[in-house]
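Read the structure below first, then the notes.
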Amino acid sequence: KAGVTQTPRYLIKTRGQQVTLSCSPISGHRSVSWYQQTPGQGLQFLFEYFSETQRNKGNFPGRFSGRQFSNSRSEMNVSTLELGDSALYLCASRKGQGTNTIYFGEGSWLTVV
Amino acid sequence: QKEVEQDPGPLSVPEGAIVSLNCTYSNSAFQYFMWYRQYSRKGPELLMYTYSSGNKEDGRFTAQVDKSSKYISLFIRDSQPSDSATYLCAMSSNSGGSNYKLTFGKGTLLTVNP
């Protein structure tokens, strides 16, 4: 059974640009959440989507957004990139509401220069 | 005060040693506790999951939760060089419904020397 797949794995962007990251959850999993990992702040929750609806949101500015498609695949977008957005962005999936174990992908490494 | 505190280490031990990793937390609503292992440049991998207080054992790994002290531990017996990784504690107050999220410690970097 394939795990959580994230693309791209590595990318470099310039300050002010925007970026879109993609995530395909484990087959049969309907919930996708996104986390940001930095050395200073650790892993921080961005948002979670279930059945194409955002169910929960962390404490991040509106420049961070996401969406989920009918096949449960998800994208997150960061607009007007800042140097501090450089981080590992992790996608995680869980089967659905009522399950509380989540499984992470390998992450997308974003560097903003 | 951060909701979850975890000593970042680094922690260096000889092969075969017993390793103890710990987290403290301040939110008494947390009931679900997990440990993740993260190898360098990889995503976190779920190691152990426990609910409420008590112990859980899985092979060389034992997870302990003491809700009265707001303290959780992960013990690794007979540590191996392949155990070298960052260990993250995570916890949630939610059984998995809507508004579900995990709150993580910052992770402890462990090196097991051959």
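The values are calculated or read from the model by the stated rules, or taken from the named source; none is laboratory data. Remember, it's a predicted structure, so these values are computed and weren't measured experimentally. Neighbour counts are summed over all protein chains in view; Cβ atoms, including those assigned to glycine, are modelled from backbone coordinates with ideal geometry.
General remarks:
- Residue in the stretch B:7-28 that is among the hydrophobic types (A, V, I, L, M, F, W, C), part of a loop (DSSP other than H, G, I, E, B), surrounded by 14 or more Cβ atoms within 10 Å (Cβ to Cβ) and away from chain A (no Cβ under 14 Å) present: yes
- Taken together, A:Phe50, A:Phe64, A:Phe45, A:Phe60 contain a single residue that is more than 27 Å from A:Gly16 (Cα to Cα) and surrounded by 15 or more Cβ atoms within 10 Å (Cβ to Cβ), which is A:Phe50.
- Test: B:Ser92 is touching a strand residue (DSSP E or B) at 6+ places or on another chain (Cβ under 6 Å), over 30 Å from A:Gly96 (Cβ atoms) and of a type in the set (Ser, Thr, Tyr): no
- Matching residues in the stretch A:1-57 - criterion: being of a type in the set (D, E, K, R), within 13 Å of chain B (Cβ to nearest Cβ) and under 22 Å from B:Leu46 (Cα atoms): A:Arg9, A:Arg30, A:Glu48
- Selection status of B:Gly54, surrounded by fewer than 21 Cβ atoms within 10 Å (Cβ to Cβ), more than 19 Å from B:Glu5 (Cα to Cα) and facing chain A (nearest Cβ under 9 Å): no
- Hey, B:Lys42 within 14 Å of another protein chain (Cβ to nearest Cβ) and either at pLDDT below 95 or touching an Asp or Glu at 6+ places or on another chain (Cβ under 9 Å) (or both) or not: yes
- Residue within the stretch A:71-88 that is within 14 Å of chain B (Cβ to nearest Cβ) and not in a loop (DSSP other than H, G, I, E, B) present: yes
- When the strands (runs of 3 or more DSSP E) confined to the stretch B:69-114 are screened for residues that are more than 11 Å from the chain's Cα centre (by Cα) and at pLDDT 95 or above, those reaching at least 1 such residues are found at B:85-92, B:108-113.
- Taken over the stretch A:83-113, the residue count meeting the criterion of being more than 16 Å from A:Gln6 (Cα to Cα) and buried (at least 18 other Cβ atoms within 10 Å of the Cβ) is 4.
- Pairs where the first residue, in the stretch A:45-67, is closer than 25 Å to A:Arg15 by Cβ and the second is of a type in the set (Gly, Ala, Ser) and not in a strand (DSSP E or B), C-beta under 8 Å, 6+ apart: A:Phe45/A:Gly58; A:Leu46/A:Gly58; A:Phe47/A:Gly58; A:Arg63/A:Ser79; A:Ser65/A:Ser79
- Residues that are assigned to a strand (DSSP E or B) and under 17 Å from B:Gln64 (Cα atoms), drawn from the stretch B:29-53: B:Tyr32, B:Phe33, B:Met34, B:Trp35, B:Tyr36, B:Arg37, B:Leu46, B:Leu47, B:Met48, B:Tyr49, B:Thr50, B:Tyr51
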